[in-house]
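Below you'll find the structure, written out as structure tokens, and then a few comments.
The values are calculated or read from the model by the stated rules, or taken from the named source; none is laboratory data. Note that the structure is predicted; figures quoted are calculated from it, not measured. In this analysis, Cβ positions are derived from the backbone assuming ideal geometry, glycine residues included, and neighbour counts consider all displayed protein chains. For accessibility, only protein heavy atoms count, side chains too; no ligands or nucleic acids. Shrake-Rupley method; radii C 1.70, N 1.55, O 1.52, S 1.80 Å.
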Amino acid sequence: MIYILEFFKGASLALMLFGALLMFFKFNSYIYLCLGLTPGFLLTLIFILLIENYQLKSKLNNISH
């Protein structure tokens with residue numbers, strides 16, 4: 001489970017990088033650079049939170065058993 005989440009975290013980081021560069025070079029504006037960063041950044045945050053949640057749940061299960 002954790003490996004799948006780590007993979008998607010890396011994929012969203014790549015989306016953030018390539019989306020920002022594509023938008024910046026296509027429109028040559030820093031506003032579009034920020035618009036390109038936003039979806040990948042939000043996905044990265046979501047996957048980081050899911051990974052932390054999974055790790056905390058597994059720690060709690062190990063302590064209670």
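Select, from N62, N53, the only residue that is assigned to a helix (DSSP H, G or I), polar (S, T, N, Q) and modelled with pLDDT under 90.
Matching residue, one of N62, N53: N62.
F24 passes all but one of (1) surrounded by 11 or more Cβ atoms within 10 Å (Cβ to Cβ); (2) within 18 Å of the chain's Cα centre (by Cα); which number fails?
The number of the failed condition is (2).
If S29 satisfies every condition in (1) at pLDDT 90 or above; (2) open to solvent by less than 100 Å² (accessible area, probe 1.4 Å); (3) more than 15 Å from the chain's Cα centre (by Cα) but one, which is the exception?
For S29, the exception is condition (1).
Regarding L15, is this residue in contact with a Pro (Cβ under 9 Å, 6 or more places away or on another chain) and open to solvent by 80 Å² or more (accessible area, probe 1.4 Å)?
On the way: in contact with a Pro (Cβ under 9 Å, 6 or more places away or on another chain): yes; open to solvent by 80 Å² or more (accessible area, probe 1.4 Å): yes.
So L15 passes the test.
Considering only residues that are of a type in the set (A, V, I, L, M) and either touching a residue at least 40 places away in the same chain (Cβ under 8 Å) or in contact with a Leu (Cβ under 7 Å, 6 or more places away or on another chain) (or both), which ones fall in segment 16-42?
Answer for segment 16-42, where residues must be of a type in the set (A, V, I, L, M) and either touching a residue at least 40 places away in the same chain (Cβ under 8 Å) or in contact with a Leu (Cβ under 7 Å, 6 or more places away or on another chain) (or both): M16, A20, M23.
In contact with a Ser or Thr (Cβ under 9 Å, 6 or more places away or on another chain) and either surrounded by 11 or more Cβ atoms within 10 Å (Cβ to Cβ) or part of a helix (DSSP H, G or I) (or both), is that true of L43? Show your work before the answer.
Numbers: in contact with a Ser or Thr (Cβ under 9 Å, 6 or more places away or on another chain): yes; either surrounded by 11 or more Cβ atoms within 10 Å (Cβ to Cβ) or part of a helix (DSSP H, G or I) (or both): yes.
Yes.
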